[in-house]
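S.K.: Below: one structure in structure tokens.
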Amino acid sequence: MKALRNLLDKVKPSFEPGGKLSAFQSVFDGFETFLFVPNTTSKTGTHIHDSIDSKRVMSMVVLALIPALLFGMYNVGYQHYLAIGTLPSVSFGEIFLFGFLAVLPKVIVSYLVGLGIEFVVAQWKHEEIQEGYLVSGMLIPLILPVECPLWIMSIAIAFAVIFAKEVFGGTGRNIFNVALITRAFLFFAYPSMMSGDNVWVKTGSVFGIGEGQLVDGFTGATPLGQLMTTSTGEAHLTGITGNALSAWDMVVGLIPGSIGETSVIAIALGAILLLATGIASWKIMASVFVGGSLTALMFNAIGTTPSMLLPWYEHILLGGFAFGAVFMATDPVTSARTENGKYIFGLLLGFMAVVIRVLNPGYPEGMMLAILLLNLFAPLIDYVVVQKNITRRLNRAKVTNDKK
Amino acid sequence: MAEIKNNPLLTPLNLNNPITVQVLGICSALAVTSKLQPALVMGLSVTVIVAFANVIISLIRDTIPNRIRIIVQLVVVATLVTIVSEVLKAYAYDVSLQLSVYVGLIITNCILMGRLEAFAMSNGPWASFLDGIGNGLGYAGILVAVGFVRELFGSGALFGFKIIPQSLYDAGYMNNGLMIMPPMALLLLACIVWYHRSKEKSLQEN
């Protein structure tokens, strides 16, 4: 650590105005504050000073995403070897290696493209590099299907970072969750790469590893995808080789789906970290689950279609519901900020997610669209809550004045 | 405004562009630009209609009773739109099918009423004609620009001819489905406005 600090201090002068590398000052500053807590604090405006700054907040969220990432890698390998029928003969290491090699390029490209744009913009505007992309860059690979090509992903990331973030003024000013805009762009621009039966399981080999023929009866549809194609009665959800799925399978997460979203256990580990450090709001998280469950129960009561009849606990276990509730709905920038507003925000979000899933035949998964929709309404929710508080206190003031 | 009077033909192309500066006629710009050909035909139709409506209104502007001037303008525009629509059906049937209701809806295009009210009612026929041509072309220019990008990336073609080679598709390239949808047209329009304002400092608002 000391050596690193000394090195940074030694090269620092050449990045300062007048130095020969002054053009890259933002880049240097970004790295320095990423590695060490800066010894300066904000001097103007209203700030709540705390021992934690936004780079540390971001690092904590990235840390919370690690279980989902590691499990996602394992699951990619697991689904692959299951699809080619050699699962019993491969070791844990081989399964993980396959998934690691399949997922790692996505993570690298995601950071390269996103941070590249952030660096260029920061340098161009002579600002500090904003750290918001640290989290988005990790979220994006986790919410994509494993077969999504890298070049398509790069275009979507560039689009999202520029149009959902930089034009609004950068980190902390975006209206919509950047990672979800990436996914929405992909979903509408390249639907064949984001939905259907062929993108959720890596069937080919990666860097020459894991060659093999698909087993008979292979189907790559996700449980929610199967729900859409079942016409009547209760759906019989299956894994990729036709094995029936129990609720426990959905909790563990060895099922096809976006890379990081399948395992509720891994997501729960992240949730515990986020809640213990106080970074994510438990109010939002809890109310999303409550809203989703209640809506699913309501549909169960009146339901006729397979999606309506899906038990409420499977609704919140499947697809991106848990992942979205823990990591995306709680995004402090795009969610409601008032304490009462958080309940409204979460409840409506859970409600919308299940409604879109159940009632719209075009979209098997509603979490993404529900979060984006509620992002849009978050300022309105806050406004109403604040106005209500103002009215309440004004009334109280009036009563006190009248008494005098 | 003096500048506009001085040059009714050229200012609508740039500093007073009906779409990027007056922000009129956005709906049709989103609706017909998914392909280049309908965008071009739409642009030309609007140009013809604005120009002649301007001339007619300018000629009779002193005789129109002020209270019913909007109705008179509407009658003139509707007549011209019907003529253009019939001509398109007769000579360019395929395009008129693609444009469907949007030719008829030129009647409600804000650019028309805007120019008639703001210019033709208070200027002579020749200036009004130039103003109509200028605004129509300013509108058509933006439509063609948006249509170019949308057809190229959304369908891999221009005027219906494949531009992006098959070999690229075989290598994994795919058309961008979002380009076909109206939201992307709005974003492209926003990019054009963005670029335009950054070039023309006088348009920037504080």
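Derivation of every value follows stated rules applied to the coordinates shown; laboratory data play no part. Computed from a predicted structure; not experimentally measured. So basically every Cβ, Gly included, is an ideal-geometry build from the backbone, and we count neighbours across all protein chains shown.
S.K.: Picking from A:258, A:246, which residue would you name as being crowded, with 16+ Cβ neighbours inside 10 Å, away from chain B (no Cβ under 14 Å) and of a type in the set (S, T, N, Q)?
M.R.: A:258
S.K.: Further, regarding this structure: For residues in region A:186-209 being surrounded by fewer than 16 Cβ atoms within 10 Å (Cβ to Cβ) and hydrophobic (A, V, I, L, M, F, W, C), which is farthest from the other protein chains (Cβ to nearest Cβ)?
M.R.: Result: A:209.
S.K.: Any idea which of (1) crowded, with 22+ Cβ neighbours inside 10 Å; (2) not in a loop (DSSP other than H, G, I, E, B) is the one residue A:336 doesn't satisfy?
M.R.: Only one criterion in (1) crowded, with 22+ Cβ neighbours inside 10 Å; (2) not in a loop (DSSP other than H, G, I, E, B) is unmet by residue A:336, namely (2).
S.K.: Could you please tell me which pairs satisfy a Cβ distance under 8 Å, a separation of 6+ or placement on different chains, a first residue in region A:138-164 that is touching a residue at least 24 places away in the same chain (Cβ under 8 Å) and away from every other protein chain (no Cβ under 11 Å), and a second residue that is among the charged types (D, E, K, R) and in a loop (DSSP other than H, G, I, E, B)?
M.R.: From residues that are touching a residue at least 24 places away in the same chain (Cβ under 8 Å) and away from every other protein chain (no Cβ under 11 Å), the pairs are A:142/A:261; A:143/A:261; A:146/A:202; A:147/A:202.
S.K.: Against the condition touching a Ser or Thr at 6+ places or on another chain (Cβ under 8 Å) and either without any contact (Cβ under 8 Å) to a residue 12 or more places away in the chain or surrounded by fewer than 16 Cβ atoms within 10 Å (Cβ to Cβ) (or both), how does residue B:124 come out, does it pass?
M.R.: yes
S.K.: Is there any pair linking a residue in region B:80-97 that is over 17 Å from residue B:39 (Cα atoms) to one that is of a type in the set (A, V, I, L, M, F, W, C), with Cβ under 6 Å and at least six apart or on different chains, and which?
M.R.: B:80/B:49; B:80/B:52; B:80/B:53
S.K.: What pairs come out if I take residues in region B:161-180 that are surrounded by 10 or more Cβ atoms within 10 Å (Cβ to Cβ) and pair them with residues that are of a type in the set (A, V, I, L, M, F, W, C) whose C-beta lies under 6 Å away, six or more apart or interchain?
M.R.: B:163/B:157; B:176/A:189; B:176/B:153; B:177/A:189; B:178/A:188; B:178/A:189; B:178/B:184; B:179/B:153
S.K.: Still on this model: Taking region B:147-192 only, how many residues are within 12 Å of chain A (Cβ to nearest Cβ) and more than 16 Å from residue A:159 (Cβ to Cβ)?
M.R.: Total meeting the criteria: 5.
S.K.: Among the numbered criteria (1) surrounded by fewer than 21 Cβ atoms within 10 Å (Cβ to Cβ); (2) hydrophobic (A, V, I, L, M, F, W, C); (3) within 29 Å of residue B:185 (Cα to Cα), which single criterion is violated by residue B:81?
M.R.: The one condition residue B:81 does not meet is (1).
S.K.: Looking only at residues that are surrounded by fewer than 11 Cβ atoms within 10 Å (Cβ to Cβ) and part of a helix (DSSP H, G or I) in region B:193-206, which one is farthest from the other protein chains (Cβ to nearest Cβ)? Before you say what the answer is, go through the steps one by one.
M.R.: Within region B:193-206, the subset surrounded by fewer than 11 Cβ atoms within 10 Å (Cβ to Cβ) is B:198-199, B:201-202, B:204-206.
With part of a helix (DSSP H, G or I) added as a condition, the list becomes B:198-199, B:201-202.
Working: B:198: 12, B:199: 17, B:201: 18, B:202: 22 Å.
Restricting to residues being surrounded by fewer than 11 Cβ atoms within 10 Å (Cβ to Cβ) and part of a helix (DSSP H, G or I), the top hit is B:202.
S.K.: Considering only residues of region A:165-185 that are in a helix (DSSP H, G or I) and away from chain B (no Cβ under 13 Å), which is farthest from residue A:257 (Cα to Cα)?
M.R.: A:165
S.K.: Consider region A:84-122. How many of its residues are part of a helix (DSSP H, G or I), surrounded by fewer than 16 Cβ atoms within 10 Å (Cβ to Cβ) and not aromatic (Phe, Trp, Tyr)?
M.R.: Residues flagged as part of a helix (DSSP H, G or I), surrounded by fewer than 16 Cβ atoms within 10 Å (Cβ to Cβ) and not aromatic (Phe, Trp, Tyr) within region A:84-122 amount to 10.
S.K.: With respect to residue A:227, is the statement that it is in contact (Cβ under 8 Å) with a residue 24 or more places away in the chain, within 12 Å of chain B (Cβ to nearest Cβ), in a helix (DSSP H, G or I) and crowded, with 20+ Cβ neighbours inside 10 Å true?
M.R.: When the stated conditions are applied, residue A:227 does not pass them.
S.K.: Right, here's the next one. Restricting to region A:171-190, count the residues that are over 19 Å from the mean Cα position of the chain (by Cα) and not aliphatic (A, V, I, L, M).
M.R.: Result for region A:171-190: 1.
S.K.: Also, I was wondering about something else. Please determine whether any residue of region B:91-110 is touching a strand residue (DSSP E or B) at 6+ places or on another chain (Cβ under 8 Å), over 14 Å from residue B:42 (Cβ atoms) and part of a helix (DSSP H, G or I). Break it down into steps so the answer makes sense when it comes.
M.R.: Taking region B:91-110 as the starting set, the residues that turn out to be touching a strand residue (DSSP E or B) at 6+ places or on another chain (Cβ under 8 Å) are none.
The answer is no; no qualifying residue exists.
S.K.: Continuing with the same structure: Taking residue A:324, is it more than 16 Å from the chain's Cα centre (by Cα) and buried (at least 18 other Cβ atoms within 10 Å of the Cβ)?
M.R.: Details: more than 16 Å from the chain's Cα centre (by Cα): no; buried (at least 18 other Cβ atoms within 10 Å of the Cβ): yes.
No, not satisfied.
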